[in-house]
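Enquirer: A single structure is presented below for examination.
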Amino acid sequence: MKLSIDEQLARIRAHTVEIIPEDELVRKLVSGRPLRVKLGVDASGPDIHLGHAVVLRKLRVFQDLGHRAVMIVGDFTGMIGDPSGRSDTRRQLSRAQVEANIANYREQVFKILDPEKTEFRYNSEWLGKLTPEQIMRLAATHTVAQLLARDDFAKRYAAQQPIGLHEFLYPILQGYDSVAIHADIEIGGTDQTFNFLVARELQRNNPLGEPQEAQCIVTFPLLVGTEGVEKMGKSLGNYIGVTVSPDDMFGKIMSIPDEALEQYFELCTDVPAADTEQMLTDMKCGALNPRDAKRRLAKEIVTLYHSAEAAEQADETFLRVFSGSREQTLEDYAALADEVAIPADMRGRPVWASTAIHRLGLAKTKSDAARLVKAGAVHLDERQLSDPQEEVVFAAGMLVRVGKRRVARLV
């Protein structure tokens, strides 16, 4: 049965932060034609994770409403590195790294999207063909002052941190993707709003061709990573991939802090809002153990990306390993581990244990880290630490554990 415009809008609005502008989106929906809904995916890592899935799941909603998903893999822009939300210059990727990272994107994306209603494109198709003159004409559409008005650039400039000239080109080239594919709508996280607005401007005032009707913008909250602080991201290693094993997925979800439960239920599952609200209320009054709420969350997510049977088996495995009487092994904890990059200035150098635990994102503050070390909650592989000022050389492959749930494998 065909849905009314109000019913379509209700499905689109769910869990969104902003629709820019909504009246234009209504007009596009009223036209009745299949709309081209754009989603850009960078190539900074090989995995699609739950943070990507927040937007991919909405893209599936658009498909179910009769529209076409246009997935843009940023193989060209990936060699620049998206500066959005960054406090430093993102590492540029080589062509070989980009190609390796996108090799499995299709298989992962189609765990969520309908392949028959998906167009899969690489922005090197058009960006790689631009001449120097055309790049100059695109760059001339925006001023340095406009780009420095971006929060991330403004903070770095004020702190006298370097900003590469190539980073200024990123939002313009990403914006041109919308021109190249004639996007009607672009969806993504709130950190991409500036880039999406650049695309609207380039469509209306296309310096390389005919003007186009500007795309509408739909933005979403940024899912926090497994530590509950930073945005989930491949470069931070705090992500849960959609293709990891059921046991691994289940274990990582069980490791998230209690404070992140509401967001994960809202953005990563189909659990009705009323059910989530009741669970949170029960947790606050002590009627529900947060661990049981996390088990419900983990089973919901594993079911989405594997099966209900796999979710039940993962739940049984988790309870057997972490709720039974036997002592956990290093292999048990390794199943929960997130990959975390060792900061460049810590590699091969002795660092205080408390300082390192904080900088690796396993404690909110240095004082928290010192307290955890003193309490015997910190282990390096199988060795328990006790002195916050012990100097330790952290190496790739080392397993760092804080308590039973925060585990990192260093890379």
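Enquirer: Suppose every Lys and Arg Cβ carries +1 and every Asp and Glu Cβ carries -1, with no other charges. What dipole size does the chain come out with about its Cα centre, to the nearest 20 debye?
Expert: Computed about the Cα centre, the dipole is about 560 debye.
Enquirer: Here's a follow-up. Which of the listed residues, Gly361, His15, Leu25, is farthest toward the dipole's positive end in the chain, when Lys, Arg count +1 and Asp, Glu count -1 at the beta-carbon?
Expert: Farthest towards the positive pole: Gly361.
Enquirer: Name the lysines eligible as straight-distance cross-link partners of Lys129: C-alpha to C-alpha under 23 Å, and not fewer than 8 places from it in the same chain.
Expert: Lys38
Enquirer: What is region 179-260's relative contact order, in percent, from Cα pairs under 8 angstrom and six or more apart in sequence?
Expert: The value is 25 percent.
Enquirer: Which parts of region 155-172 would a label at Thr143 reach, counting a residue when its backbone N lies under 18 Å from a point 7 Å out along Cα-to-Cβ?
Expert: Counting backbone N atoms under 18 Å from the label point, the list is 168-169, 172.
Enquirer: Using helices alone, what [θ] at 222 nm do you get for the chain, with -39,500 (n - 2.57) per DSSP H run of 4 or more residues, divided over all residues and rounded to the nearest 500?
Expert: Roughly -12500 deg cm²/dmol at 222 nm, from the helical runs in the chain.
Enquirer: Along the Cα→Cβ direction, 7 angstrom out, place labels at Ser386 and Ala10. What is the inter-label distance in nm?
Expert: Placing both labels 7 Å beyond Cα along the Cβ direction yields 6.2 nm.
Enquirer: Run down the aspartates and glutamates and flag those whose C-alpha is under 15 Å from the C-alpha of Lys234, throwing out any fewer than 8 positions away in its chain.
Expert: Here the aspartates and glutamates satisfying the reach criterion relative to Lys234 are Asp42, Asp47, Asp82, Asp338, Glu339.
Enquirer: Go through region 271-285 residue by residue and turn each phi into a ³J(HN,Hα) via Karplus (6.51, -1.76, 1.60, θ = phi - 60°); whole Hz please, and just put x for glycine and proline.
Expert: Result, rounded to whole Hz: 5, x, 4, 5, 5, 4, 4, 5, 4, 5, 5, 5, 5, 5, 8.
Enquirer: How far apart, in nanometres, would the label points at Val30 and Gln278 be if each is projected 7 angstrom from Cα along the Cα-to-Cβ direction?
Expert: 4.0 nm
Enquirer: Restricting to the chain, compute how many DSSP beta bridges are antiparallel as a %, nearest 5.
Expert: For the chain, the DSSP antiparallel bridge percentage is about 45.
Enquirer: While we're looking at this one, here's another question. Using the Cα centre of region 215-372 as the reference point, and only Cβ charges (+1 on K/R, -1 on D/E), how large is the resulting charge dipole? Debye, rounded to the nearest 20.
Expert: 760 debye
Enquirer: Lysines near Lys299 by alpha-carbon distance under 18 Å, same-chain residues fewer than 8 away left out - which ones?
Expert: Lys111, Lys252
Every number here is computed from the coordinates shown, using simple stated rules; none is lab data. No experiment lies behind these values; they were computed from the predicted model shown. In this analysis, Cβ positions are derived from the backbone assuming ideal geometry, glycine residues included, and neighbour counts consider all displayed protein chains.
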